[in-house]
Amino acid sequence: MFDFEKLDVYKKAKKFYSANLNLIRGNNLDRIIENQLSRAALSVVLNLVEGSGRFSKADRAHFYVMSRSSLFECTAVIDILRDEKMISIESYSNLYNKSEELSKILFTMIRNLKIKK
């Protein structure tokens, strides 16, 4: 087993990715939006994993920042989908809550890497 597989944040990021895929599959969205959302949600997971494999704190922090940025991208997409009434309020709330939780975890991980010398 790889070390990243033991991380709770990795497990939560995978669930976030799956929830986004379910949203895409369950709605008739524009292909561009589907592509962007699925790529950004996957990027959350992959940047987290890539960062966990880095040795320097600066490298790890860089990839965790990228993961969090992709998370923000997903949040903006679902916000637009909600505004355009392309997804339900329940779907939006579910994904938004998962996104907010992941964002807080990633922020703490980044902050801890940057303060400790």
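The values are calculated or read from the model by the stated rules, or taken from the named source; none is laboratory data. None of these values were measured; they are calculated from a predicted model. Cβ atoms come from the backbone with ideal geometry, glycine included; neighbour counts cover every protein chain shown. Accessible surface is based on the protein model in full, side chains and every heavy atom, while ligands, DNA and RNA are left aside. Shrake-Rupley method; radii C 1.70, N 1.55, O 1.52, S 1.80 Å.
Data for the structure
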| read-out | value |
| --- | --- |
| Loop GluC sites (Glu not before Pro), region 67-117 (other Cβ atoms within 10 Å of the site Cβ: 14 or fewer; DSSP) | Glu84 |
| CD proxy at 222 nm, helix term only [per DSSP H run n ≥ 4: -39500 (n - 2.57); per residue of the chain; nearest 500] | -28500 deg cm²/dmol |
| Spread of Cα-to-Cα distances over 10 Å intervals beginning at zero, given as percent, for the chain | 14, 46, 27, 11, 1 |
| Accessible surface of the chain [probe 1.4 Å, protein heavy atoms]: carbon and sulfur percent | 53 |
| Å² of accessible area per residue within the chain, as computed with a 1.4 Å probe and no ligands counted | 63 |
| ³J(HN,Hα) computed for each position of region 57-62 - Karplus, 6.51 cos²θ - 1.76 cosθ + 1.60, integer Hz, glycine/proline x | 4, 5, 5, 4, 4, 4 |
| In order through region 24-37: 3J(HN,Hα) via Karplus (6.51 cos²θ - 1.76 cosθ + 1.60), integer Hz, x for Gly, Pro | 4, 5, x, 9, 8, 9, 4, 4, 5, 5, 4, 4, 5, 5 |
| Potential extension, Glu5-Asn22 segment - 0.36 nm per residue separation minus Cα distance | 3.9 nm |
| Lys, Arg +1 and Asp, Glu -1 on Cβ, resulting dipole of the chain about Cα centre, debye, nearest 20 | 600 |
